[in-house]
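S.K.: This is the structure, below, for whatever I ask next.
The values are calculated or read from the model by the stated rules, or taken from the named source; none is laboratory data. Computed from a predicted structure; not experimentally measured. So basically every Cβ, Gly included, is an ideal-geometry build from the backbone, and we count neighbours across all protein chains shown.
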Amino acid sequence: MTRKTIFPLVCLLSVQLSFAQNDVNIGTVTNIDSASYFLQKGLDEKKIGRRMESLKNFEKAHYYDKTNKVILSELAGAYQEVRKFTHAKDTYKKLLEQGDASASTYKQLMHLSFNMRHHDDVITYANKLKQADPNERVNYYIGKVQYDQENYGDAIKTLTAALSEEPLNGDIPYMIARSYADMQNYKESIPFFQKAITLDPVKTNWIYELALIHYAIHDDKNSLKYMLEAGEKGFKRDNDYLENLGVAYLNVGDLDNGVKILEEILKRKPSDMNILNMIAEAYYYKGRYQQAMDYWDKILGYDKTNASALYMIGMCYQKKGEKDKGQHLCDKAIEMDPSLASLKQKKSMPGGL
């Protein structure tokens with residue numbers, strides 16, 4: 001019996017394995033070359049400002065080489081340029097996985113987390129950035145997160161440190177001011193509002209808020225001052241603003257300007273009971289009883305069952321010397337709303353109206 005040799009088969013397998021290994025090597029080289037080609041093409045497109053084209057090429061480069069740090073960095077930046085923040089953040093995180101724990105990477109992740117309102121991540125990456133580069137200024141970002149989370153105590157401490165780092169950033173004293181205001185510590189908030197407005201005088205909403213802070217502590221003069229300043233610098237003269245401005249005028253005793261502003265609202269909202277009553281009361285407390293009656297009459301024209309308006313008309317008649325007529329109207333109002341009897345008792349006491 002003739003024996004068959006196996007050497008040719010062994011040689012054939014060796015040759016096939018050799019070719020397969022070469023294919024792997026060639027494939028690897030091809031992928032690296034392709035990645036380099038598309039990376040360079042992306043850089044060229046980036047240089048001439050074609051952001052979408054550069055992004056497409058960086059994505060192709062990443063397809064061929066998913067571990068190249070240069071490609072990952074360019075791709076992350078390209079996503080950020082076209083405001084694909086989620087993709088950008090995920091790509092920077094891949095950079096970290098590849099060992100690029102640089103200050104630059106942490107800084108980008110902190111900014112992206114801040115813009116995306118990922119509060120916990122902001123603090124995490126801010127602390128890592130500070131460890132990577134102690135000179136980096138991160139207190140503003142941490143303080144903003146603490147403020148947004150209503151952690152006002154820590155926010156004030158962190159933002160105070162941030163103010164030393166960034167003394168020209170008006171947002172910082174504004175957030176400190178709001179932290180105090182949100183805790184109803186209005187007097188502490190005022191100097192920080194003032195500092196914020198000095199640094200950024202075009203923020204009319206800050207000026208308006210300062211006016212409301214002064215109103216809350218019954219500083220009527222400064223409330224009117226900042227209310228007017230906000231309006232002069234372009235704050236929207238909507239109904240809320242006009243109402244507060246009118247009240248500010250009335251609070252400093254300027255009846256004519258106060259009524260003038262409130263009547264501007266009535267042109268837009270002629271049956272606004274609150275505004276009508278406010279004007280009537282303003283005239284009443286200034287002793288101008290006929291004008292007060294005219295506005296309470298308007299209220300009764302819209303609502304004949306408004307016992308309070310009828311009662312105050314009765315009081316006006318009494319103030320004008322027509323006591324019997326006035327008393328009759330007050331008694332009729334009390335029949336409609338018995339709770340007004342307590343008001344009658346109060347007004348009959350010494351020091352009452």
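S.K.: Among ILE217, ILE279, which is the only one that is more than 22 Å from the chain's Cα centre (by Cα), touching a residue at least 12 places away in the same chain (Cβ under 8 Å) and buried (at least 17 other Cβ atoms within 10 Å of the Cβ)?
M.R.: Step by step, each of ILE217, ILE279 is checked, and only ILE279 is more than 22 Å from the chain's Cα centre (by Cα), touching a residue at least 12 places away in the same chain (Cβ under 8 Å) and buried (at least 17 other Cβ atoms within 10 Å of the Cβ).
S.K.: Something else now. Condition check: more than 30 Å from GLU136 (Cα to Cα) and either modelled with pLDDT of 95 or more or part of a helix (DSSP H, G or I) (or both). Does LEU55 satisfy that?
M.R.: no
S.K.: Kindly establish whether ASP120 is surrounded by fewer than 18 Cβ atoms within 10 Å (Cβ to Cβ) and not assigned by TED's automatic domain parsing to the domain that holds HIS87.
M.R.: no
S.K.: With a cut-off of at least 1 residues that are under 27 Å from LEU95 (Cβ atoms) and either in contact (Cβ under 8 Å) with a residue 24 or more places away in the chain or among the small types (Gly, Ala, Ser) (or both), name the helices (runs of 4 or more DSSP H) lying wholly within segment 119-202.
M.R.: 119-132, 139-148, 152-165
Yes/no per residue for (1) under 15 Å from the mean Cα position of the chain (by Cα); (2) more than 19 Å from GLY143 (Cα to Cα); (3) of a type in the set (Val, Ile, Thr):
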| position | (1), (2), (3) |
| --- | --- |
| ALA161 | no, no, no |
| TYR174 | yes, no, no |
| SER179 | yes, no, no |
| GLU209 | yes, yes, no |
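S.K.: Also, quick follow-up: For HIS111, work out the one condition from (1) closer than 30 Å to LEU228 by Cα; (2) crowded, with 18+ Cβ neighbours inside 10 Å it doesn't fulfil.
M.R.: Answer for HIS111: the failing condition is (1).
S.K.: Out of the residues in segment 63-76 that are buried (at least 18 other Cβ atoms within 10 Å of the Cβ) and within 23 Å of MET110 (Cβ to Cβ), state the one that is farthest from the chain's Cα centre (by Cα).
M.R.: ILE71
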